[in-house]
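Data block below; observations after.
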Amino acid sequence: MLTDISKAAEILREHDDFLILSHANPDGDTLGCAYGLCGILQKMGKRARTLCADEISTRMEYLKKTIVNQSFEEKTIVTVDVADVKLLGALCEQYSGKILLAIDHHESRMEFADYTVVDPTAAAACEIIYEIAEEMGAKLDGEIASCLYTGIATDTGCFRYTNTTPKTHMIAAKLMEYDFPYGDINYNLFDLKSRGRIELEQSIMNNMEYYSKDRIAMVCLTTELIKQHEGKVDIEDFNGLASMPRQIEGVLIGVTVKQKGESTFKVSMRSAEPINAAKICALFGGGGHARAAGCTIEGNLDFVKAKLLPVLEKAVECV
Ligand SMILES: [Mn+2]
């Protein structure tokens, strides 16, 4: 059932032996929540540990400093930033039906815990963790603050996205009163790129194709192109590539076509107002949001381009 911050605080105060679960393919928010909450509970004298189905990126390793490893038999299971029990990935089967408390901020979500505290106006689930900590009168420190700050910075694109509210800034400001290197954290999260990533971006820009008086930019990440970067890039280096074509001034539709199989191509589309990328992708059986959408098209690359381009050209003509 749905509950509020004060009930969530009460549940955490009255229980012990916590296992805090993050969603699979973990991001800064789910990890910031897990390590931050774990640190808070340990500081309260409770036993707590975190668990995630997938490996944590080396860039987020610093979050682990917040907690000490404790072994005990888990009694209270809490999920953080998990909108659907399926998002626990490989841990889903083991913990489904056993979760006492879910703390989340996703607008569309499935209820799977005995108690759920959800605030869709929160930019990050870490904001909710902060409020629960405040309600519990918990003591924070620099390490815990760095976890919660990481989640908020991650989910707001470093306070740039429109989900950022006055409250987001207020919570971040309170966290910054603790001693932690937020400058370094932001550099690591938002500026730092591996050499492999830079080289991948370089070949993407070299392979960019322009159409409709440069208002459409399209790049094809073929298996062959990806192979050239093998061993120099990891999975993380492929994050956010789909936004590159639309970063070019004057481009109204940016398309990244990624080869998934011999004749399967995954299309990621970003569009400027008023072009609706979701509607365009729906024509090919895909979907998404108005400004960011995707679809999968079967066929060879020439076929995929021949399918897409007339629709894209028509869309930019109407602007
Ligand atoms: Mn989140």
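How much FRET efficiency would the formula 1/(1 + (r/R0)^6) give for residue 64 and residue 309, where r is the Cβ-Cβ distance and R0 is 45 Å, rounded to 0.05?
0.45
Looking at the chain, what % of its DSSP beta bridges pair antiparallel, to the nearest 5?
Numbers: 20 of 42 bridges.
Roughly 50 percent of the DSSP beta bridges within the chain come out antiparallel.
For the range 5-191, just say rounded, prolate or oblate: build the C-alpha gyration tensor, square-root its eigenvalues into a ≥ b ≥ c, call rounded for a/c under 1.5, and beyond that prolate if a/b exceeds b/c, oblate if not.
rounded
Among 171, 253, 56, which one shows the highest mean-square fluctuation when the chain is modelled as a Gaussian network with alpha-carbon springs under 10 Å?
Comparing 171, 253, 56 in a Gaussian network model of the chain, the most mobile one is 253.
Label points 7 Å out from Cα along the Cβ direction at residue 25 and residue 121: separation in nm?
The two pseudo-label positions are separated by 3.0 nm.
At 7 Å along Cα-to-Cβ for each site, give me the label-to-label distance between residue 300 and residue 239 in nm.
Here the answer is 3.7 nm between the modelled labels.
What's the center-to-center distance, using Cα atoms, between the range 62-97 and the range 196-271 in Å?
The range 62-97 and the range 196-271 have Cα centres separated by 34 Å.
Using Cα-Cα distances under 8 Å and only pairs 6 or more residues apart, what relative contact order does the range 5-191 have, in percent?
The value is 25 percent.
Between residue 226 and residue 209, 0.36 nm times their residue separation minus their Cα-Cα distance comes to what?
Residue separation times 0.36 nm, minus the Cα-Cα distance, leaves 4.4 nm.
Cross-link partners among aspartates and glutamates for residue 193, C-alpha distance below 13 Å, same-chain residues fewer than 8 apart left out?
By straight Cα distance, residue 193 reaches 201, 234, 236, 237.
Can you give the longest stretch of the chain with no exposed loop site, where a site means GluC sites (Glu not before Pro) in a DSSP loop (not H, G, I, E or B) with at most 14 other C-beta atoms within 10 Å?
Between the exposed loop sites, the longest stretch runs 112-176.
Report the Cys residues of the chain lacking a disulfide-compatible partner, meaning no second Cys Cβ under 4.7 Å from their Cβ.
33, 38, 52, 92, 126, 147, 158, 220, 318
Using a 7 Å offset from the Cα along the Cα-to-Cβ direction at both residue 161 and residue 273, what is the distance between the two label points in nm, to one decimal?
1.9
Using Cα-Cα distances under 8 Å and only pairs 6 or more residues apart, what relative contact order does the chain have, in percent?
13
Suppose R0 equals 35 Å. What FRET efficiency, 1/(1 + (r/R0)^6) with r the Cβ-Cβ distance, do residue 17 and residue 170 give to the nearest 0.05?
0.60
What whole-number distance in Å separates the alpha-carbon centres of the range 158-172 and the range 6-50?
22
With a 10 Å cut-off between alpha carbons and a GNM built on the chain, which of 306, 113, 34 moves the most?
306
Net charge near residue 141: determine it from the other residues with C-beta under 14 Å of the C-beta of residue 141, scoring Lys and Arg +1 and Asp and Glu -1.
On the way: positive: 43, 65, 139, 174; negative: 143, 177, 179.
Here the charged neighbours net out to +1.
Over 23 Å between Cα atoms: which of 86/258; 232/258; 65/86 fall into that group?
Numbers: 86/258 26 Å; 232/258 18 Å; 65/86 28 Å.
86/258; 65/86, as the Cα separations exceed 23 Å there.
Could you work out the helix-only [θ] at 222 nm for the chain, with each DSSP H run of four or more residues adding -39,500 (n - 2.57) and the total divided by the number of residues, to the nearest 500 deg cm²/dmol?
Here the helix-only value at 222 nm equals -10500 deg cm²/dmol.
Once you keep just the Cα pairs under 8 angstrom separated by 6 or more residues, what percentage relative contact order results for the range 81-169?
In percent, rounded to a whole number, it is 22.
Could you tell me the calculated FRET efficiency between residue 108 and residue 177, based on Cβ-Cβ distance and R0 = 30 angstrom, to the nearest 0.05?
0.30
Check cross-link reach from residue 64 to the lysines: straight Cα distance under 20 Å, and skip same-chain residues fewer than eight apart.
Partners found: 43, 46, 139.
GNM on the chain, C-alpha springs below 10 Å: top fluctuator among 166, 26, 181?
166
Where a number appears in this text, it was derived from the coordinates with a stated rule and is not lab data. These numbers come from a predicted model, not from an experiment. Don't worry about glycine lacking a Cβ; one is built from the backbone with ideal geometry, like all the others, and counts go over all protein chains shown.
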